[in-house]
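Read through the structure below, which is laid out as structure tokens, and then see the notes.
The values are calculated or read from the model by the stated rules, or taken from the named source; none is laboratory data. Everything numeric here is computed off the predicted structure, so don't read it as measured data. Quick reminder, even Gly has a Cβ in these numbers, built from the backbone with ideal geometry, and neighbours come from all protein chains shown. Ligands, DNA and RNA are stripped out before the accessible areas are found, and what is left, the full protein with its side chains, is counted by its heavy atoms. Shrake-Rupley method; radii C 1.70, N 1.55, O 1.52, S 1.80 Å.
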Amino acid sequence: MKYPLTAITLIAAGAATGALATGSPTATSVEALTTGFESAQVIRVKDEIKEVEKAAKDAEKAAEKAAKQADKASDKAADKAEKRADKAADKAEKQADKSMDKAEKELDKAADKAEDRAEKAAEKSADKAEKRAEKLDDKVEKATEKAAKHAEKRAEQEAKAAEKAEKSLDKDLKKVEKELEKDLEKALKETDDAARERHMAMFKADIERSTEEREKLVQALMDAKAPQDRNMVEVIERTSLQLMTEPVTIENADVAEIITYRNCPPGLMNKTPACVPPGLAKQGVTYEEWVSYDIDRLEDLLEERRTAFVAVDSDASASTGDVAVATDAEIDLLLSSDRIATIYDLDPAPEGQKYALIDGLPVLLTDADYLALIEVNELAHTVELKDTTYVSPASALTQAELVQTYALPELADGYNYAVVNGEVLMVEDSAYEMLQLLRIARAAL
């Protein structure tokens, strides 16, 4: 650090003055002068250092103060700048929104204009296309009409030709069919007549018996024994009457149950379908349907079948459908009602009713039922058994068992065996069906 010139001068001057005052400018005086100079100089320097340090501290404080003031000023300036920036941003945003709204409105307008233009252009194109399509449809329609007329005319011509050919062919076919039918009818008639004559020769339509022969035959029938397990007297005695209405199936029932089951007579047991009378089987009635019939349904079926065999009394009212009453003189059945009641230990038949015997089962018949039974008996062909062979009135046998037991001829199609009042009859399907309906609906149990 350089001292100011004034300070050094003052020190030197002081020292010289002291030497002159003593009056002896000796070395000691010079040394003292020098020492005094140095002390004054040091003091001066120290003072100046202190002043400098103080000035430095003052400058530092001033700097700190200035820095604080600068920071405050900077913060204020920053706040102001931020606020101004926010304001500027808000202002810019608002201006941007306004610009966006304006731009959107302009775009909407432009889009609307473009849409209008496109719609108008599309309408024009559609109109043009529609007009073209209409013209094309007209052309196609005219062409189609022309082709249709041409095809129709051609079809008419072909139809006329086909009709002409068909008429000619039908004429030829009818001629051939008539010739074939005549030849076939002739051949069938010759075959059927010959077969029927051969078959019927084994039976007699009517057997004439004297009173003595008749009584002898009846007594023999009363004494005849039924095959084992086929005696209806024993079966009825040991079988619960409730069995007649229980749903017993052919597969699960024993022989005694089968032949006493209400809707399954022995003659129908081995048929297909089992138990169903021939006429109903041809109509498609199944076993399950048949065995489900109640007494009312059976009564309706019996009445339908019986009508064909009962003559209406001409003196009776047509509205009531009264039938002629059967008298003993009209009856040509082997076993009388009283005899049947005796065999089965039954009470006498009520007035207006009679017992009959169909395939081993006693039935209680009305006059209409009995007349139908007589008609069937008269129309049937009676099987003449050997003199030593008698049919037990209490036996219930299937068709096959009848043939085997009594050595009967094999039956032709459409015929069945039935044992009525102790006599073996060969009857047609319709008569056999009526007999079985009588057996089922009129069982005297």
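Here the stretch 369-411 is treated with +1 on each Lys and Arg Cβ and -1 on each Asp and Glu Cβ, and its dipole about the Cα centre works out to around 160 debye. As a calculated quantity, the FRET efficiency between residue 225 and residue 160 at R0 = 60 Å, using C-beta atoms, amounts to about 0.15. Applying 1/(1 + (r/R0)^6) with R0 = 41 Å to the Cβ-Cβ distance of residue 176 and residue 151, what FRET efficiency is obtained, to the nearest 0.05? So the FRET efficiency works out to roughly 0.70. A simple packing score, the average count of other Cβ atoms within 10 Å per residue, orders the peptides 287-293, 111-117 as 287-293, 111-117, with the highest score first. Modelled spin labels at residue 104 and residue 378, positioned 7 Å past Cα toward Cβ, are 11.2 nm from each other. Applying the Karplus relation 6.51 cos²θ - 1.76 cosθ + 1.60 with θ = phi - 60° to the stretch 422-428 yields 3J(HN,Hα) values of x, 10, 7, 10, 9, 10, 6 Hz, where x marks Gly and Pro. Computed with a 1.4 Å probe over protein heavy atoms only, the accessible area of residue 336 comes to about 50 Å².
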